[in-house]
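> Below: one structure in structure tokens.
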Amino acid sequence: MRTTEFEELKQLLVDKGDINEIRFKNCIQKNTIFVRDGVYALSSKKLNSLIRIAEMQKYYQCNPVRFIKDFFNIELLDAQAWIIQQAWTCPNVLLVCSRGFGKSTLIDIMLMAKDMLFNNYWCYIASGSGSQAEQTFTTLEQLANDNIDTFMGSTGIVFKNEIEIKNAAGDGFSHSSNGFSYSTYNGSFTQTLNSNIDKKRGKRGSVVFDECGFLSEEMMNVYGAFAIVNKSFKSGTDGNGNSIDAVRLKTLPKEIPNQLFYISSASSVGTKFHEFFREFSKKMFMGDKRYFVAMITCEIPLRPTIHGKLMNPLYEKSVIDNELRTNPEKAWREYYCRFTTDAGSDAIIKRSVITRNEEIRKPLLYNDTGNKKFVICYDPARSRDNSVILVCEIYEFKQVDGSVDIRMRIVNCINLIDVGKKIKSPMRTPEQIDYLKQIILDYNGGADGYENIIGVYIDAGSGGGGVNIADYLMPDWTDKKGIIHRGLIDKEYSADYANKFPNAVNKIHLMAPAAYKSEMYEAMIELMSQDKISFTASYDNKDYLTVFDIDNELIEKEREKILSQLKNEHVDENEFERRLNDALSDIQSVKVKKIKLDWADKIALSNIDALKEELVNIIRKKRDSGKDSFELAPEKANKLHDDRAYTAALASYALMTERRKNIVHRKNPTPINLTELLPIRKGKRFSMFKN
């Protein structure tokens with residue numbers, strides 16, 4: 001189309017007085033419209049409609065906040081609208097946001113807008129675990145299905161209609177075990193990435209690092225390399241058949257660059273995320289438009305505004321106050337965006353190790369099946385420290401080679417606090433003993449002789465009075481229902497009382513810190529580095545957990561069908577393996593469900609998070625005797641307790657003991673007859689009839 005014709009069309013649109021056309025006026029450029037030669041010429045009506053769509057797309061590409069309002073009917077907070085406008089085409093975006101601000105939801109909205117407005121916009125969502133990335137993807141899916149309660153009247157169905165449906169039975173959102181994904185009709189797609197870095201090298205596109213405050217440096221470097229390609233580079237020929245050189249390349253429209261989004265709450269100062277925060281901030285302050293950094297503290301969610309008008313808070317101030325009492329380090333990071341200091345390189349347990357072994361699961365408050373095995377660890381205190389009970393499940397894990405490995409998952413953490421006192425101090429000792437007895441009954445599940453309790457490990461240090469507490473567990477006792485239960489004893493530590501209490505079961509293990517503390521912490525360091533201990537995922541103060549279950553039966557059933565089909569085609573081994581993996585990756589084998597949490601679940605999750613905080617602040621101090629000491633870093637000694645970390649060391653020692661039993665008591669297969677005991681070498685045979 002000639003320039004004069006384009007100007008006439010522009011004037012026609014403006015003269016019509018339609019408000020939408022007036023908005024487009026400032027975005028219309030004097031571009032040349034190229035129409036590819038075809039069998040049939042385009043009518044002027046068809047051409048005008050295409051130009052109108054192009055002008056509309058051009059306007060909304062420059063005004064993403066308006067697009068979100070007009071098409072998705074989502075009214076963003078002023079802070080959210082500012083972030084989207086600033087980060088729309090910026091190659092390097094870093095957001096340090098308070099929990100509850102909706103940073104993941106904000107990125108999902110931005111991805112939906114980009115997928116509709118730009119062709120071939122490829123994006124990957126990465127996180128410390130596949131489940132975290134899939135949770136961000138699930139939020140996007142809920143937006144598309146208008147299932148977000150806070151967005152009343154949203155019209156995400158507009159975006160859903162653009163999703164390419166490859167399976168007649170599906171809705172375009174793929175939930176395979178290799179990652180969640182979707183693609184749109186204009187060539188854009190989004191896919192989640194898990195922590196298996198080696199299998200994801202070589203991809204290209206934009207990357208969203210969600211909750212990346214404690215991601216490993218290797219993961220951020222490998223996935224960050226996805227965005228190194230310059231999308232504006234072009235080669236080949238233009239519409240007239242001329243080669244595209246440097247001069248002609250400048251006349252072509254610029255593509256939106258591949259982007260890196262680093263989104264998280266604040267982390268510690270020794271992380272890669274903090275390093276990026278410092279570097280990106282410096283470059284943004286110097287005027288480099290390739291970098292954008294935003295820090296949103298809890299003051300914004302507590303006083304949100306839309307078009308300058310004050311709205312209701314996103315959450316109550318009491319939520320922050322409770323977190324400050326339970327886990328102050330985490331509260332300062334996640335609500336006030338303060339980068340905290342932990343033990344850093346001196347820490348015996350790295351935060352990345354804990355993140356790697358986190359699982360999205362509900363705490364276990366009792367023996368739900370009646371046949372699970374538990375270890376109960378108790379660090380008593382009366383006035384100064386926390387009095388903590390940690391419950392861990394010991395289970396058998398079947399490995400790929402068929403062997404059985406003994407592992408442990410932390411299922412509950414209880415702080416015995418007297419909530420009736422003004423100063424929240426531990427319960428009275430008799431009340432703690434009654435609570436411990438009830439915990440033992442809950443996790444034993446009614447088994448005779450406490451068979452489901454592998455052991456009750458109690459700190460025998462003089463400060464907490466663990467030895468005295470164990471004395472009260474020796475005699476038989478009656479619970480609140482009037483049922484009589486056998487007592488518990490450590491027959492090695494309390495050998496003098498074994499004859500006095502013959503009915504007591506040998507399940508107590510009194511652990512003197514002077515003799516066992518170094519060994520317990522060494523066991524914890526080794527087992528956690530080998531990924532033998534798992535934690536619950538970080539709790540975000542919601543009333544539910546989003547869990548992703550893989551349907552292994554469906555995968556196995558589909559696998560058999562695919563194998564039978566490929567065998568009939570007689571393909572080579574490499575092609576066979578490739579096609580099998582591709583077919584398995586398309587199976588919708590992951591189901592998403594929400595699990596509601598009650599008050600006890602929330603307290604347990606908060607206490608386990610506090611346990612993690614204590615672990616990353618424990619350091620080793622060398623001693624000439626060879627038994628090193630383990631204690632809080634000096635700068636944290638007056639701010640944190642170490643009681644939860646100590647119970648984790650007790651549990652690690654218990655796991656190490658069970659693993660040793662599994663090795664020592666492993667039975668070798670006995671030979672059936674003498675020929676198997678003494679194998680006979682068979683001689684070669686020759687036939688006289690053989691030529």
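> Calculate, for Lys398 and Trp599, the FRET efficiency according to 1/(1 + (r/R0)^6) with r their C-beta to C-beta distance and R0 41 Å; round to the nearest 0.05.
Values: r = 35 Å, r/R0 = 0.86.
Calculated transfer efficiency: 0.70.
> Let me ask something else. Quote to one decimal, in nm, the extra length available between Phe118 and Ala54 on full extension: 0.36 nm per residue of separation minus the C-alpha distance between them.
On the way: separation 64, 0.36 × 64 = 23.04 nm, distance 1.15 nm.
Answer, rounded to one decimal: 21.9 nm.
> How high is the FRET efficiency from Arg303 to Lys203, r the C-beta distance, R0 35 Å, rounded to 0.05?
0.30
> Per residue, how large is the accessible surface of the range 266-410? Use a 1.4 angstrom probe and give square angstrom. If you can, show how the numbers build up before the last one.
On the way: 7420 Å² over 145 residues.
Here the residues of the range 266-410 average 51 Å² of exposed surface.
> By per-residue mean of other Cβ atoms within 10 Å, what is the highest-first order of 624-632, 428-436?
Result, highest mean first: 428-436, 624-632.
> For the cross-link pairs Lys330/Lys602; Lys350/Lys593; Lys330/Lys542; Lys166/Lys596; Lys561/Lys593; Lys103/Lys330, which exceed 23 Å when the distance is taken from alpha carbon to alpha carbon?
Exceeds cut-off: Lys350/Lys593; Lys166/Lys596; Lys561/Lys593.
> Work out, step by step, the length gained on full extension between Ser462 and Asn147: first 0.36 nm times the residue separation, then minus their alpha carbon distance; give nm to one decimal.
107.8 nm
> Tell me, what is the 1.4 Å probe accessible area of Glu519, in Å² to the nearest 10?
Around 70 Å² of this residue is reachable by solvent.
> Assuming R0 = 51 Å, what is the FRET efficiency of Asp628 and Glu255, from their Cβ-Cβ distance, to the nearest 0.05?
On the way: r = 56 Å, r/R0 = 1.10.
The formula returns an efficiency of 0.35 here.
> Calculate the spin-label point distance for Arg66 paired with Ile483, positioning each point 7 Å from the Cα along the beta-carbon direction, and give it in nanometres.
Inter-label distance under the simple model: 7.0 nm.
> Give the whole-number value, in cubic angstrom per residue, of the convex hull volume spanned by the C-alpha atoms of the range 505-547.
It is 184 Å³ per residue.
> Give the peptides 537-548, 263-274, 471-482, 213-224 in descending order of average Cβ contacts within 10 Å, highest first.
In decreasing order of mean packing, 537-548, 263-274, 471-482, 213-224 become 263-274, 213-224, 537-548, 471-482.
> At 0.36 nm per residue, and after removing the present C-alpha to C-alpha distance, how many nm does the segment from Arg382 to Arg338 gain when stretched out fully?
Additional length available on full extension: 12.6 nm.
> For the range 264-274, just list the computed ³J(HN,Hα) in residue order, Karplus coefficients 6.51, -1.76 and 1.60, θ = phi - 60°, integers in Hz, with x standing in for Gly and Pro.
Ordered by residue, 3J(HN,Hα) equals 5, 6, 5, 10, 8, 6, x, 8, 5, 4, 5 Hz.
> Right, something else. Could you sort 373-379, 637-643 so that the peptide with the highest average Cβ count within 10 Å comes first and the rest follow in order?
My ranking of the peptides, most packed first, is 373-379, 637-643.
> May I pose another question? So, in nm, how far is label Lys283 from label Gln530 when the simple model puts each one 7 Å beyond its Cα toward the Cβ?
Those two pseudo-labels are separated by 4.3 nm.
The values are calculated or read from the model by the stated rules, or taken from the named source; none is laboratory data. Remember, it's a predicted structure, so these values are computed and weren't measured experimentally. Ideal geometry is used to build each Cβ from the backbone, glycine not excepted, and the neighbour counts take in all protein chains shown. Ligands, DNA and RNA are stripped out before the accessible areas are found, and what is left, the full protein with its side chains, is counted by its heavy atoms. Shrake-Rupley method; radii C 1.70, N 1.55, O 1.52, S 1.80 Å.
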